[in-house]
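Take a look at the structure set out below.
The values are calculated or read from the model by the stated rules, or taken from the named source; none is laboratory data. The shown structure was predicted, so the numbers you read here are calculated from the model rather than taken from an experiment. Virtual Cβ from ideal backbone geometry, glycine too; neighbours counted across all protein chains shown.
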Amino acid sequence: MENPLDHRSFIWIINDADKLVFVNDAWLAFAGENTAPQLTASLVLDQPIWRFIQGQETSYLYKQIFRRVRAGKSPVKFPFRCDSPDCRRFMEMQLSLLPGNAIQFMAQILRQEWRQSLDFLDTSRDIPREFLKICSWCKKINIPGRGWEEITAAIVALDLFGRHPMPRMTHTICDACHSAIRLELNQESDEKLNSDRTRPNATAPGEGGRP
Ligand SMILES: [Zn+2]
């Protein structure tokens, strides 16, 4: 189903300690329209951005991206998905370095598609027993034996609407997103090593702190 594209720009800024120091009105409105109706500027400002990023792998990748932006490689731009239960949103985020090692995030919706409501995306529901892996970046779901596919394909393949209770979602990174981001970060690392010969034993990003 087609619908008018949302042209708002969602902007937020973190300081050098990764705390939110600015969110624009569109960001607050967007949050209110989706999962957090009571969110106000006073509730989110001065909070670590890590409170709003789910999943260890996702946090790890964001840390690498922040490092890249603060190394002067800004702006960094990448596509991501921010779905609600009834809408698939294809978005783009751009990170820019501001004075004092602050980082500005600007997100826009490139495309959106409405769909039948997907109750299991509501992560506030606490349903134990089963876990489905969902990629925090592209929102694909891991179908056992088949790999990463769109949510709509997973509904059919796993008969999600026919099962009670719905499986619980666990956020992770799919193989394709992981490879793409690691490749980008490794290129960045190579450039840095080539220009910085005082650190011959420096490790590539991510080799510490990963299981
Ligand atoms: Zn992915």
Open item on the list: When you scan region 154-165, do you find a residue that is under 26 Å from S9 (Cβ atoms), modelled with pLDDT under 90 and crowded, with 18+ Cβ neighbours inside 10 Å, even just one?
Closed with: no
TODO: Please go through region 94-135 and pick out each residue that is buried (at least 17 other Cβ atoms within 10 Å of the Cβ) and at pLDDT below 85.
DONE: L118, F120, L121, L132
Open item on the list: Residues that are under 19 Å from H171 (Cβ atoms): list the strands (runs of 3 or more DSSP E) wholly contained in region 12-113 that include at least 1 such residues.
Closed with: 76-81, 87-98
Open item on the list: Suppose the filter is loosely packed, with under 14 Cβ neighbours inside 10 Å and either modelled with pLDDT of 80 or more or more than 28 Å from M169 (Cβ to Cβ) (or both); does D6 pass it?
Closed with: no
